[in-house]
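Novice: Quick one: this structure, given as C-alpha cells, is what I'll be asking you about.
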Amino acid sequence: MSRVLITRSLIEGGTDPLVTAGHEVVYPRAEQRDVAPPHDELVRLVAEFDGMVCHLTDRIDRPVLQAGHAGRLQVVANAAVGYDNIDVAAANALGVTVCNTPGVLDDTTADLAFLLILAAARQSTDAEKTLREGRWQGWGFASNLARDVHGVTLGLVGFGRIGHAVAARAAGFDMEVLHTARHTTGHPGFVATLDELLERSDIVSLHVPLNDSTHHLIGAPELDRMKSTAVLVNTARGPVVDENALVTALENGTIYAAGLDVFEGEPLVNPRLLAAPRTTLLPHIGSATIATRTRMAQLACQGVSDVLAGQTPPNIVSAASLSQ
Ligand code: NAP
C-alpha cells in the first residue's frame, strides 16, 4: 500500500481509483480538507508520500519536487489539464512522473467559453446589473443595444482539444471560424499568424496553455490590431492577457468588450479590471460542473494509481511536449 497526499479536497468519489487500489489517502489538514498547505509545509510533507494529487493553485516547483524525490515521491497528478503550476522539466529530470486531466473537461470548458462570448457580446452583465440595482426603467427600443454573436467571425487562438470543442459550438451560430496555433493544423480556417486572426475576427477566444510562448500573448500591440467592435474571451490562463493593456483598450474603445474566466493574480482581481467598462468576469469556473470535476479527479487519481502500479497512464505530461 502506498501513501498519496491530496493537497486539498477533490469531490465525492474523486479518490475512488486510489481507494479501490488500496492506497492510503491523506489530507494535510484532516479537519479542514479544503485548505491547501502553504508552500513550505508542502516541502516538509511531500517526502513522506509516494504520490500526490494537487490543484492548479498549488505551486509544485523544484524545491517541492526535490524534497519529494529525496523521499519516496514517484508521481504528481494535477487535477487540471493546464500544468503551468508545475515545473515539469524539474520533475522529468528527477524522474517524478507528472499527470494531468486532458480530454474530460473540453465540452464543459467550451460551454463556458460560449457563455462568455454571449455575455460579453450581448452585454448581459451590465443589463442584469441595471435590473438588480432597480435602475431598469422598462423596455426601450434603443436600450441595452449590444452586438450579435450569430454570423460573425470567431477567431480561436489555440486549436487543441478545447479549441475544437468551441469551434463545434460555433457551427450552431453560423459563425465563420478561424484558428491559429504554432504549427499548421491542416484544418479549414487555419491562419498562419496571430496578427491576421486578430485583424479578421469579431470575437477572439483564447485556448492556449500558459508557458513562456504565451505569457502576455495578448498585449497592447495585439489589442490594437483587433476591430473596435471585437470581443475578447479568455478561458485559458490569466497571464496570457496583459490585463492593464486590456483595461486601457476597453476604456479607450480600442475593442468593444471582454469576457474573462481567468486572471493574472488569481484570486486577486486587478481593481482596474473590476472598474473597466463592458466586461463579464467569472471566478475561474471553466470546468466547474459536478460531472466534469468528478471525471477530472478520478483521471488524476487513476494516473497516480497507474504509476504506483508500475504502469504508464495515458495522461502523462512531459517537458518535451512543452517545447514542441
Ligand atoms: P491543448 O489540447 O494542448 O491545445 C493547446 C493549443 O494551443 C494547441 O492548438 C497548441 O498548438 C496551441 N498553442 C500552444 N502554444 C501556442 C502559441 N504560443 N501560440 C498559438 N497557439 C499555441 O490544450 P487544451 O486541453 O485545449 O487546453 C488549453 C488550456 O486551457 C489549458 O492549458 C488550460 O490552461 C486552459 N483551461 C482552462 C480552464 C478553465 O477552467 N478556465 C479549463 C480547462 C483548460 P501548437 O502546439 O501547434 O501551437
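The values are calculated or read from the model by the stated rules, or taken from the named source; none is laboratory data. These numbers were taken from a predicted model, which means no experiment stands behind them. Here Cβ is always computed from backbone atoms with ideal geometry, including for glycine, and neighbour counts include all displayed protein chains. For the accessible areas, the whole protein counts, side chains as well, though only heavy atoms, and no ligand, DNA or RNA atoms are used. Shrake-Rupley method; radii C 1.70, N 1.55, O 1.52, S 1.80 Å.
Novice: Looking at this structure, is Asp242 under 30 Å from Leu94 (Cα atoms) and among the acidic types (Asp, Glu)?
Specialist: For Asp242, the condition - under 30 Å from Leu94 (Cα atoms) and among the acidic types (Asp, Glu) - is not met.
Novice: Which residue pairs have Cβ atoms under 8 Å apart, sit 6 or more places apart or on different chains, and have a first residue in the range 34-47 that is without any contact (Cβ under 8 Å) to a residue 40 or more places away in the chain and a second that is surrounded by fewer than 13 Cβ atoms within 10 Å (Cβ to Cβ) and in a helix (DSSP H, G or I)?
Specialist: Ala47/Ala70
Novice: Mind listing whichever residues of the range 162-172 are under 20 Å from the mean Cα position of the chain (by Cα) and either open to solvent by 40 Å² or more (accessible area, probe 1.4 Å) or within 15 Å of His150 (Cα to Cα) (or both)?
Specialist: The answer is His164, Val166, Ala167, Ala168, Arg169, Ala170.
Novice: Taking Ser228, is it open to solvent by 70 Å² or more (accessible area, probe 1.4 Å) and of a type in the set (Ser, Thr, Tyr)?
Specialist: So Ser228 passes the test.
Novice: List pairs: first in the range 105-122 and charged (D, E, K, R), second open to solvent by 10 Å² or more (accessible area, probe 1.4 Å) and not in a helix (DSSP H, G or I), Cβ under 7 Å, 6+ apart or cross-chain?
Specialist: Matching pairs, first to second residue: Arg122/Ala146.
Novice: I'm trying to understand the selection: among the residues of the range 255-293, which are in a loop (DSSP other than H, G, I, E, B), open to solvent by 50 Å² or more (accessible area, probe 1.4 Å) and away from the ligand (no atom under 14 Å from the Cβ)?
Specialist: Leu268, Ala275, Arg278, listed by residue number.
Novice: With the requirement that a residue be surrounded by fewer than 20 Cβ atoms within 10 Å (Cβ to Cβ), more than 21 Å from the chain's Cα centre (by Cα) and of a type in the set (Val, Ile, Thr), what does the range 294-324 give you?
Specialist: The answer is Thr312, and nothing else.
Novice: Can you find a residue that is in contact with a Phe, Trp or Tyr (Cβ under 7 Å, 6 or more places away or on another chain), more than 27 Å from Leu260 (Cα to Cα) and of a type outside the set (Gly, Ala, Ser) anywhere in the range 79-96?
Specialist: no
Novice: Any residue in the range 212-236 that's of a type outside the set (Phe, Trp, Tyr) and within 16 Å of the ligand (Cβ to nearest atom): show its pairings with residues that are modelled with pLDDT of 95 or more and open to solvent by 70 Å² or more (accessible area, probe 1.4 Å) at Cβ separation under 7 Å, as long as the two are six or more apart or on different chains.
Specialist: Listed by first residue and then by second, the contacts come to Arg225/Glu199.
Novice: Of all residues in the range 216-238, which are part of a loop (DSSP other than H, G, I, E, B) and closer than 14 Å to Gly158 by Cβ?
Specialist: Within the range 216-238, Leu217, Thr235, Ala236, Arg237 qualify.
Novice: Name the one entry in Leu274, Leu281 that is in contact (Cβ under 8 Å) with a residue 12 or more places away in the chain and out of contact with any Lys or Arg (no Cβ under 8 Å at 6 or more places or on another chain).
Specialist: Leu281 is the lone residue from the list that is in contact (Cβ under 8 Å) with a residue 12 or more places away in the chain and out of contact with any Lys or Arg (no Cβ under 8 Å at 6 or more places or on another chain).
Novice: Return only the number of the condition from (1) open to solvent by less than 50 Å² (accessible area, probe 1.4 Å); (2) free of Cβ contacts under 8 Å to residues at least 40 places away in the same chain that Glu128 does not satisfy.
Specialist: The one condition Glu128 does not meet is (1).
Residues are listed down the side, and each one gets a yes or a no for (1) within 22 Å of the chain's Cα centre (by Cα); (2) open to solvent by 20 Å² or more (accessible area, probe 1.4 Å); (3) among the acidic types (Asp, Glu):
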residue	(1), (2), (3)
Gly103	yes, yes, no
Ala120	yes, no, no
Leu156	yes, no, no
Asp174	no, yes, yes
Thr185	yes, yes, no
Thr193	no, yes, no
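Novice: Evaluate the range 148-155: report whether one residue or more is within 16 Å of the ligand (Cβ to nearest atom) and not hydroxyl-bearing (Ser, Thr, Tyr).
Specialist: Yes, some residue in the range 148-155 is within 16 Å of the ligand (Cβ to nearest atom) and not hydroxyl-bearing (Ser, Thr, Tyr).
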